[in-house]
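Data block below; observations after.
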Amino acid sequence: MAVYGDNFRSYLNKFVFIRSTEGIEEIVENNPENINGYFAYIFWSKEGQVCLRIMDVGYGLEDYFETGDENVDFLVEERILPIEGKIDDILYVFDGTIVADSERYSRMVASTEMANLVSEEMINARENKEIDEFRDPLNQDIVTVVFFTKQLPIKSKAKVKCKGFSKGYFFGELMQIPFGWRNLSVGDEIEFKLDKMNGATVLLASV
């Protein structure tokens, strides 16, 4: 069971221990008794996925943790995995002092964040929790948008890759053509906003 629930925001920019050997199998083979998981940093990648970067391997229980004495430099050898399917394996979330007290961990966090910088408009869109229910679990920048007008009264839905939020509107790239909207093409820039439709909150395209 996830430590702080299954909401990805509970783990963003946090240092965690994940009790799983998926992704480090060849390391575990050399020391199976002393490695049952890994320490990782959770971040939002510039491609849109919430991911983890493995920072160390080790052994963890509910109240005891130790790093493994393995000859793997994760500062040089980057191992990045999507967080999807791994939240339930998070055993512990550490406070910020763990990273602050380690120069190596601090350097890994800094390099990860620098490699995944996004625009201010993208930061605004990502910080908006109101649209979390419409985010795709495999890529949190992808949202489901409703297309509807009085001229074309067909309620259609389509995936849009969100690119930012400014002046009350989100904007992004259309990833699929909504049913009935032949005037649209994949790749078109779409504006959309939070709105009400039949009493339900939706992301409604401004077209």
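Some observations on this one:
- Among residues of the range 41-60, those that are assigned to a strand (DSSP E or B), of a type outside the set (V, I, T) and within 16 Å of the chain's Cα centre (by Cα), counted: 6
- Leading residue by the ranking (most open to solvent (accessible area, probe 1.4 Å)) among those in the range 150-176 that are of a type outside the set (D, E, K, R) and farther than 30 Å from E120 by Cβ: Q151
- Of all residues in the range 1-37, exactly one satisfies the criterion of being of a type in the set (K, R) and open to solvent by 80 Å² or more (accessible area, probe 1.4 Å), namely R19.
- Leading residue by the ranking (nearest to F17 (Cα to Cα)) among those in the range 40-97 that are β-branched (V, I, T) and surrounded by fewer than 20 Cβ atoms within 10 Å (Cβ to Cβ): V93
- Among the candidates G85, G96, G68, G23, residue that is modelled with pLDDT of 85 or more, of a type in the set (G, A, S) and either under 24 Å from N116 (Cβ atoms) or touching a strand residue (DSSP E or B) at 6+ places or on another chain (Cβ under 7 Å) (or both): G85
- In the range 116-132, of all residues being assigned to a helix (DSSP H, G or I) and under 20 Å from D6 (Cβ atoms), the one that is most open to solvent (accessible area, probe 1.4 Å) corresponds to K129.
- Any hit, the range 191-207, residues being under 22 Å from D6 (Cβ atoms), more than 16 Å from the chain's Cα centre (by Cα) and polar (S, T, N, Q): yes
The values are calculated or read from the model by the stated rules, or taken from the named source; none is laboratory data. Predicted model, so just to flag it, every value in this text is computed and none were measured. So basically every Cβ, Gly included, is an ideal-geometry build from the backbone, and we count neighbours across all protein chains shown. Areas reflect the complete protein model, heavy atoms only, side chains present, ligands, DNA and RNA absent. Shrake-Rupley method; radii C 1.70, N 1.55, O 1.52, S 1.80 Å.
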